[in-house]
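The values are calculated or read from the model by the stated rules, or taken from the named source; none is laboratory data. Values in this document were obtained by computation on a predicted structure and should not be read as measured data. Note that each Cβ is placed from the backbone with ideal geometry, even for glycine, and that neighbours are counted across all protein chains shown.
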């Protein structure tokens, strides 16, 4: 229980600051409460979102005024004693007091003892009201319009990508016919033009396919069909399928697990098709960015996780680029990469696909020394809790 003196201090703070024009002018919802969750301050925007009035809300527990639901429509529990530093979430909905309206919100929770506050400090410099110690500043931003805009954008990309695949496939087919010596006669110069057109058509088709994959990921439409997969066997299958491309560039392939006398059985519960696509993407990148040397594939495991590594002897990645390579549409821009095509979506798809299967992906690289990509996936356990 708080002392009477502390309660009086908190109520004095709330009374003094509630009329502050800086607070009232903020379009985002602002709430200040103590560690027990009792509301000391709430601005008009937050009141409108919650369906309360000032008199109703002040002094109440925040959980009875600001009801947040997670993606499973379960109420979020407010536990300020566990909050030691600022945090942000944008996957929640605010339920109004009437229960008739759900507002998607981005929420920031900032302990008052942190040194950095948002640009729109809730205390104006004119009155110097200081928040009580051990209080929390909470901002709620309505992101309904942003989500609608993003949804419309992704719908357009998805529709355009889907519709464009047919004409691109048609163009690709006619180019194949023109390059077929049994169907058409072309001189060397014309054949060169057609081969360049074929490469451009292939790149365009890959872009549309990647855009469709991205829309599925971002619309939570990536359907997973989980099954127990022998990771070593799957990696060997993908390596065999891509070995022709590896040989065509004069590169060597080293599949480490296949060189052992006993090939260990490492199983993961994953979507086999999606994991195959992930491995194909990583090995394809290794081929693309490697001109000499080779590609090494390896599977290792501990008690809990299986780790797949794809290592190349290619151009490598500078340290300043490493934090960004899994971002959407990001491509390393330097003299070594400008002549190499790509959509900038492959690694973004890899990262999201792996994380959606409860795994993680990372990379280690140095310029001129190649790159090594790692995928870590939970290892399957049998009914006795032992690894298989």
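I'm told residue 352 meets every condition in (1) modelled with pLDDT under 85; (2) under 20 Å from the mean Cα position of the chain (by Cα) except one. Can you identify the failing condition by its number?
The failed condition is (1).
For segment 1-116, which fully contained helices (runs of 4 or more DSSP H) count at least 2 residues that are within 15 Å of residue 136 (Cα to Cα) and at pLDDT 85 or above? Let's see the steps before the verdict.
Numbers: elements: 4-18, 21-25, 44-50, 54-57, 62-65.
Counting at least 2 such residues, we get 62-65.
I need a count of the residues in segment 270-293 that are outside any helix (DSSP H, G or I) and surrounded by 18 or more Cβ atoms within 10 Å (Cβ to Cβ).
4
Return the residue satisfying two criteria in turn: it lies in segment 181-194 and is more than 20 Å from residue 167 (Cβ to Cβ) and in contact with a helix residue (DSSP H, G or I) (Cβ under 9 Å, 6 or more places away or on another chain), and of such residues it is surrounded by the fewest Cβ atoms within 10 Å (Cβ to Cβ).
Step by step, filter segment 181-194, then rank; the result is 183.
What number of residues in segment 47-68 are touching a helix residue (DSSP H, G or I) at 6+ places or on another chain (Cβ under 8 Å) and either closer than 21 Å to residue 134 by Cβ or outside the structural domain of residue 104 (by TED's automatic domain parsing) (or both)?
Of the residues in that region, 5 qualify.
Out of the residues in segment 64-109 meeting the condition of being farther than 20 Å from residue 47 by Cβ and in contact (Cβ under 8 Å) with a residue 24 or more places away in the chain, tell me which one is surrounded by the most Cβ atoms within 10 Å (Cβ to Cβ).
Filtering segment 64-109 for residues that are farther than 20 Å from residue 47 by Cβ and in contact (Cβ under 8 Å) with a residue 24 or more places away in the chain, the one surrounded by the most Cβ atoms within 10 Å (Cβ to Cβ) comes out as 80.
Scan segment 298-316 for residues that are outside any loop (DSSP other than H, G, I, E, B) and surrounded by fewer than 20 Cβ atoms within 10 Å (Cβ to Cβ) and report the count. Let's see the steps before the verdict.
Let us first name the residues in segment 298-316 that are outside any loop (DSSP other than H, G, I, E, B), namely 298-301, 305-312.
If we keep only those that are surrounded by fewer than 20 Cβ atoms within 10 Å (Cβ to Cβ) too, we end up with 298, 300, 305, 307, 309.
Matching residues across segment 298-316 total 5.
Quick test of your reading of the structure: residue 178 fulfils all but one of (1) buried (at least 16 other Cβ atoms within 10 Å of the Cβ); (2) at pLDDT below 80; (3) out of contact with any strand residue (DSSP E or B) (no Cβ under 8 Å at 6 or more places or on another chain). Name the failing condition by number.
All conditions are met except number (2).
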